[in-house]
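Mind looking over this structure? Questions follow.
The values are calculated or read from the model by the stated rules, or taken from the named source; none is laboratory data. Because the structure is predicted, anything quoted here is derived from the model rather than measured. A quick note on method: Cβ atoms are made from the backbone with ideal geometry, for glycine too, and the neighbour counts reach across all protein chains shown.
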Amino acid sequence: MSAATAPTAPPGLTHRQVLQVLGGLLLGLFLASLDQTIVASAIRTIGDDLHGLSAQAWVTTAYLITATISTPLYGKLSDIYGRKRFFLAAIAIFVAGSAASSFATSMYQLAGFRAFQGLGAGGLFSLALAIIGDIVPPRERARYQGYFLAVFGTSSVIGPVIGGFFAGAENILGITGWRWVFLVNVPIGILALVVVAKVLRIDQVRRDHRIDWWGAIWLCVGLVPLLTVAEQGRAWGWGSPRALVAFGIGVLGIGLFVWAEKRMGEDALIPLRFFHNRTFSLTAVGGFIVGLGMFGGLALLPLYLQIVRGATPTESGLQLLPLTAGLMIGSIVAGQLISRTGRYKIFPVLGAALAAVGLYLIHLIGVSTPFWQTGIYMAVLGLGLGLILQPITLAVQNAMSPREIGVATSSATFFRQMGATAGTAVFLSLLFSTVGTNITDRFRTAGPAFEQAVSNPAVAADPANQPVIDALRGGGEMNSGALNDTSFLNHVNPVLAYPFKAGFSDSMDMIFLIAAAVMALGLLIFLFLPELPLRTKAGLEAVEEEAALGSTAAEADTAAPPR
């Protein structure tokens, strides 16, 4: 390694210096984690207001697609140019996308703005984790994990509540309430920019390089069609010409991406030699599977609480607290035990098992399941997820060269986000492709109380009950309008609403069961994860030591007498 590549920040930072850097990182992380929770609790209100709840997957997956694709690019470029400038750029892009999202007038326009916002989100998580890898040894990283957990925990608690408050308000300062879900990111983002610019002083000197632009382009060509057909397959038909064309372009793009990575060698966006590392390969596959099951299941919980159980957005945010508590407890326990024992393999194995059990239990819930029972099931799921996420990131950082922490961390994050994007698109697509049939079946098997309510002239004449009455006149078939705007459930006769809620619950139960099976597959993958001794040096310190050793060796070669 040449002197030009050596990091400019001194190794062996003190605890106080690490905390100063953490202050900037945590603001960026708070921005991204708050956005995830605040939007989730408000998405039903947004979809109803923009008359496109069934297009919710576009809003979610557009954000995830761009965040996923940009993640490895951030990692690679930050290894070359340094982390700070790209972390600042990620915050700025995220804030601009948030501001634009607040002006959306349709779900598809909102999806476009969220896609731009995702370009910034792709750098927030991965670069924050990479910077921590630069300055804190793997064995000591759990010491600082509590700060990250405080951010995630705080955002998980207040995000749904704030999102629910905004979604439940008609308008605030003359602006529709739900639009503040995105506007609130602007002042937080500006504060994060100022703090990060001041306190984050870890950077690298530019070195000679090639940027893998073709790899990034072919990655887009491969992923966008595949993720699009995952979301639109139900409407197009999985064997329709449009779906087949999307599949063909996606496969071609992935093939060209692999070809481009092979040509670029060490400068590749995701160097192919990484896959020769067993830890990287298994955490990549396992991370994809965990993301698939985790986000596929999590995307439905707020909808279950609001549509099936009738909770307000604010109430649903508070009702997700058992999941958040389980996640935090699992992460704290894993972090502390890893720090003390140096062992990490057991945690993703145990976590995947608990997450699979939690998802299976959640698939048993229905319209009348008491909340205490649902809360216990969510806590089990959260506990499992908390045991998985940090240890697999730690395993990758520990197994790869310290000089490649950025690209290694972002690559591992990339595969987990790929699973999250695919899971969200596929599972929401499954939901809205089956819910109409399930609602119809529930109408046809409704009991005497339902028949009495329908035959009551006062009930039939009530405008609030019109969506259900219209569906019954059409043979029990729910039209797209009722599925795109479910706000009528807040006012419809409870007896008439039951088949609608039960139909949604039936579809969700099937998806939670599929997610449980996916998570069980992740358990099998983690069983083969190797357990390597955790390094005791931070990334920057290890890189500088490598550079010093390289310089010493070069001097020895120069001084050696010719033979």
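Pick from segment 309-322 the residues that are aliphatic (A, V, I, L, M) and surrounded by fewer than 23 Cβ atoms within 10 Å (Cβ to Cβ): which of them is farthest from the chain's Cα centre (by Cα)? Can you show your working first?
Of all residues in segment 309-322, those aliphatic (A, V, I, L, M) come to 311, 318, 320-321.
Those left that are additionally surrounded by fewer than 23 Cβ atoms within 10 Å (Cβ to Cβ): 311, 318, 321.
Working: 311: 24, 318: 20, 321: 18 Å.
Going through the qualifying residues, I end up with 311.
Next question, about the same structure. Look through 502, 517 and report the one residue that is surrounded by fewer than 22 Cβ atoms within 10 Å (Cβ to Cβ), modelled with pLDDT of 90 or more and within 22 Å of residue 363 (Cβ to Cβ).
From the options 502, 517, the qualifying one is 517.
Among the residues in segment 384-393, are any under 13 Å from the mean Cα position of the chain (by Cα), of a type outside the set (Ser, Thr, Tyr) and assigned by TED's automatic domain parsing to the domain that holds residue 287?
Kept after step one, since they are under 13 Å from the mean Cα position of the chain (by Cα), are these residues of segment 384-393: 385, 389.
From what is left, the residues that are of a type outside the set (Ser, Thr, Tyr) are 385, 389.
Narrowing the set further to residues that are assigned by TED's automatic domain parsing to the domain that holds residue 287 leaves 385, 389.
Checked against the condition, which is being under 13 Å from the mean Cα position of the chain (by Cα), of a type outside the set (Ser, Thr, Tyr) and assigned by TED's automatic domain parsing to the domain that holds residue 287, segment 384-393 yields at least one hit.
Filter segment 229-258 down to the residues that are in a loop (DSSP other than H, G, I, E, B) and in contact (Cβ under 8 Å) with a residue 12 or more places away in the chain and list them by number. Walk me through how you get there before you give the answer.
The initial filter retains those residues of segment 229-258 that are in a loop (DSSP other than H, G, I, E, B), namely 237-240.
Selection gives nothing.
Here's the yes/no breakdown for (1) assigned to a helix (DSSP H, G or I); (2) surrounded by fewer than 22 Cβ atoms within 10 Å (Cβ to Cβ):
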site: 89; (1), (2): yes, yes
site: 94; (1), (2): yes, no
site: 98; (1), (2): yes, no
site: 103; (1), (2): no, yes
site: 108; (1), (2): yes, yes
site: 117; (1), (2): yes, no
site: 124; (1), (2): yes, no
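Scan segment 269-299 residue by residue and report those that are farther than 30 Å from residue 383 by Cβ and touching a residue at least 60 places away in the same chain (Cβ under 8 Å).
Passing the criteria: 269, 270, 271, 274.
Can you work out which of the residues in segment 1-44 that are of a type in the set (A, V, I, L, M) and in contact with a Pro (Cβ under 8 Å, 6 or more places away or on another chain) is modelled with the lowest pLDDT? I'd like the intermediate steps shown before the answer.
In the first step, residues of segment 1-44 are kept if they are of a type in the set (A, V, I, L, M); the result is 1, 3-4, 6, 9, 13, 18-19, 21-22, 25-27, 29, 31-32, 34, 38-40, 42-43.
From what's left, in contact with a Pro (Cβ under 8 Å, 6 or more places away or on another chain): 38, 40, 42-43.
Details: 38: 77, 40: 70, 42: 77, 43: 76.
Among residues in segment 1-44 that are of a type in the set (A, V, I, L, M) and in contact with a Pro (Cβ under 8 Å, 6 or more places away or on another chain), the one modelled with the lowest pLDDT is 40.
Among the residues of segment 251-265, is any at pLDDT 85 or above and within 19 Å of the chain's Cα centre (by Cα)?
no
Now a separate question. Quick check on my filter: what residues within segment 279-317 are closer than 30 Å to residue 528 by Cα and among the small types (Gly, Ala, Ser)?
Correct list: 281, 284, 286, 287, 291, 293, 296, 297, 299.
Being buried (at least 24 other Cβ atoms within 10 Å of the Cβ) and either charged (D, E, K, R) or touching a residue at least 12 places away in the same chain (Cβ under 8 Å) (or both): is that true of residue 75 here?
Judged against the criteria, residue 75 is a match.
Take the conditions crowded, with 24+ Cβ neighbours inside 10 Å, touching a Lys or Arg at 6+ places or on another chain (Cβ under 6 Å) and not charged (D, E, K, R) and apply them to residue 407. Does it pass?
So residue 407 fits the description; yes.
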